[in-house]
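Data first, discussion second: the structure below is written as structure tokens.
The values are calculated or read from the model by the stated rules, or taken from the named source; none is laboratory data. Computed from a prediction, not measured in an experiment: that's the story for all the values here. With ideal geometry, Cβ positions are generated from the backbone for all residues, glycine too; neighbour counts draw on all protein chains shown. Calculation scope for accessible area: heavy atoms of the full protein, side chains included, ligands and nucleic acids excluded. Shrake-Rupley method; radii C 1.70, N 1.55, O 1.52, S 1.80 Å.
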Amino acid sequence: MEEQQRRALRRGRARLVAALRVEPLWEPLEQRGLFTRPMLEELQSAGSRGEQARQLIIDLETRGKQAFPAFLSILRDTGQVDLAEMLIQECKSRPVLPQLPDLRPVELELREEKQRKKEVLIVACPWQVYEMKADPCGHCLILNNVNFSRDSGLSTREGSDIDCEKLERRFKALHFTVLTRRDLKAQEMVLELQKLSRQDHSALDCCIVVILSHGCQTSHIQFPGGVYGTDGKPIPIEKIVNYFNGSNCPSLRGKPKLFFIQACGGEQRDQGFVVDCDSPEDEAPGSSLESDATPFRVPSGNVDEPDAIACLPTPSDILVSYSTFPGFVSWREKSSGSWYVEMLDSVLEQYAHSEDLLDMLLRVARAVSAKGRYKQIPGCFNFLRKKFFFTCD
């Protein structure tokens, strides 16, 4: 789908949500190959007519080059010509350029580091640092899938409960209200995510989602990869993130939304390459070492693959931290949990009082990449507009 067509759908979303009659659209959407029957059933389960319309417009952007003209044709065929004409006009209009912030001199303040009793210099311009004054700071949802159905062909994720307990303790200590859900099917995961995104976050400053599960590669536009429910059905990371964007979760607009994904991005095993090393090698993976890898499943239906690598405008105030580089496995120890969560928890404990999140994620990547015979490197997709500091006691 072309950029001006995506922009037209976003500009016209409010009117479409208010006026679109979705019921007559389902059959022609399936007949023209824009959506499969399971996709439509999921859209129909989104809630009210307006919520179904909102999710349909969001998902339509991912359905390839022919999705926009086909949707216009379906609108005309179902007697919704005014909405079709509105989208055509929006498609012709020019984009509104964002205004740059008024740059002012940098103000500095000294923050006392309580644990080590020394002063740390931190840049504190209001437009450079996210405000984190609420207590609690926000909600943290942890979805921990350990046991999978026999039909799924996915193994039990031993050691994941250790990861879950570590992150529960850590984010509670960082002043988040933590809710944990264990062993959910894909649709149950979606319902928990939607429930959180529909809450009123107006009095809060942040929102965190943690997913511990098996993972896979998926076709995507913004955020790669997917995670599995216990029934073996995948959920794209992109879909999870979009539940919390500015359009779907207005009370989190302008506030940081953080996603931590412990799952494989694929099934390649990285043996690395030789470099000078300043740390001793860990033991080679043995019987207690597992990965969260599952094969890449080619999506069914008429999907326009070349269009799947096109870029959307940057989603603001979102950071997605992945345990591994897309396409590679993510290692997990039965006795101590995953490498990624182990290092993330350790780094947060040591540095959350003095360093911003991106600096800490660099520390996590360095620590994880130094482990084991098979290699792993975490990474992130960062669309934060400011520095993010956790609130520490």
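Worth pointing out:
- Taken over segment 121-239, the alpha-carbon convex hull comes to 139 cubic angstrom per residue.
- Across the protein chains, with a 1.4 Å probe defining accessible surface, the residues His214, His175 rank His175, His214 from largest area downward.
- The HN-Hα couplings worked out from phi for segment 253-259 by the Karplus form 6.51 cos²θ - 1.76 cosθ + 1.60 (θ = phi - 60°) are 4, x, 10, x, 10, 10, 10 Hz, whole numbers, x standing for Gly and Pro.
- In this structure, the pairs whose alpha-carbon distance is over 32 Å, taken from Lys133/Lys185; Lys185/Lys255; Lys65/Lys387; Lys233/Lys386, are Lys133/Lys185; Lys65/Lys387; Lys233/Lys386.
- Lys387 long-range amide H proximity, modeled H, under 5 Å: Val129, Tyr130
- In order through segment 354-362: 3J(HN,Hα) via Karplus (6.51 cos²θ - 1.76 cosθ + 1.60), integer Hz, x for Gly, Pro: 9, 10, 7, 4, 5, 4, 5, 5, 5
- Nitroxide proxy distance, nm - points 7 Å out along Cα→Cβ at Val129 and Gln44: 5.2
- Note: segment 3-92, Cα convex hull, 79 Å³ per residue.
- Per residue solvent-accessible surface (Å²) - segment 3-92, probe of 1.4 Å: 45
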